[in-house]
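See below for the structure under consideration.
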């Protein structure tokens with residue numbers, strides 16, 4: 001942004017993950033806004049500790065959700081886009097005593113993964129930031145929303161899964177074709193489990 005690279009909108013390929021706290025509304029109502037906000041801060045502290053390890057970028061935080069992106073090369077390499085999720089989950093579980101004592105819950109997150117073309121553009125004058133536009137963002141959000149329906153933590157589009165070579169540590173379970181809200185074409189999705 002400093003050198004004006006995105007003054008004119010540019011098209012780029014990205015892998016996107018929408019990472020969201022499970023049962024967020026119930027937690028917010030039980031704890032109250034202040035304590036709930038502290039919980040989110042505590043959780044994202046551990047996300048920030050591992051983000052560079054997996055060559056990821058945090059595009060933005062939206063309430064209790066983090067939007068994470070990779071270039072295809074960085075996200076596919078070493079299965080970074082999948083391994084980040086399970087490492088984050090492991091870190092939260094490792095600190096379960098702290099979360100249970102302070103908040104009375106063990107935080108659990110769900111995520112959707114998808115990839116494709118997006119438009120990256122600089123927006124704003126007083127407060128400038130980079131904005132992502134495109135269908136991939138909406139589709140990733142819809143994939144993540146399906147986690148509740150299937151009682152799964154990590155869902156991935158078939159489009160992205162076909163680009164990955166899953167190691168023996170992970171297994172993909174096909175959930176079939178889904179007509180995502182607001183879409184005219186079905187999208188095949190899979191649940192990812194760690195063995």
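For the residues 155, 113, 39, 166, what sequence is obtained by ranking on other C-beta atoms within 10 Å, fewest first?
Listed from fewest to most nearby Cβ atoms, that is 166, 39, 155, 113.
Just rank 81, 147, fewest to most, by other beta-carbon atoms within 10 angstrom.
Lowest count first: 147, 81.
If a paramagnetic tag sat 7 Å from the Cα of residue 31 along the Cα-Cβ line, which residues of the stretch 83-124 would have the backbone N under 15 Å from that point?
Of the residues in the stretch 83-124, 92-93, 95-110 have backbone N under 15 Å from the label point off residue 31.
Using a Gaussian network model of the chain with C-alpha springs under 10 Å, which one of 85, 109, 45 is most mobile by mean-square fluctuation?
So, out of 85, 109, 45, the one fluctuating most is 45.
Label points 7 Å out from Cα along the Cβ direction at residue 185 and residue 119: separation in nm?
Result for the modelled spin labels: 1.9 nm.
Quick one: what does P(r) look like for the stretch 10-194 with 10 Å bins over all Cα pairs, in whole %?
9, 36, 36, 17, 2
Modelled label-to-label distance, residue 162 and residue 93, 7 Å Cα→beta-carbon offset: nm?
Placing both labels 7 Å along Cα→Cβ, they lie 3.2 nm apart.
Which FRET efficiency value, to the nearest 0.05, is calculated for residue 48 and residue 177 with the Förster distance at 35 angstrom and r the Cβ-Cβ distance?
That pair, residue 48 with residue 177, gives E of 0.45.
Using helices alone, what [θ] at 222 nm do you get for the chain, with -39,500 (n - 2.57) per DSSP H run of 4 or more residues, divided over all residues and rounded to the nearest 500?
Taking each H run of at least 4 residues, the total per residue is -11500 deg cm²/dmol.
So for 14, 94, 83, fewest C-beta neighbours within 10 Å to most, what's the order?
Result, fewest neighbours first: 94, 83, 14.
No lab work stands behind these numbers, since they all come straight from the coordinates. Note that the structure is predicted; figures quoted are calculated from it, not measured. We place every Cβ from the backbone using ideal geometry, glycine too, and count neighbours over all the protein chains shown.
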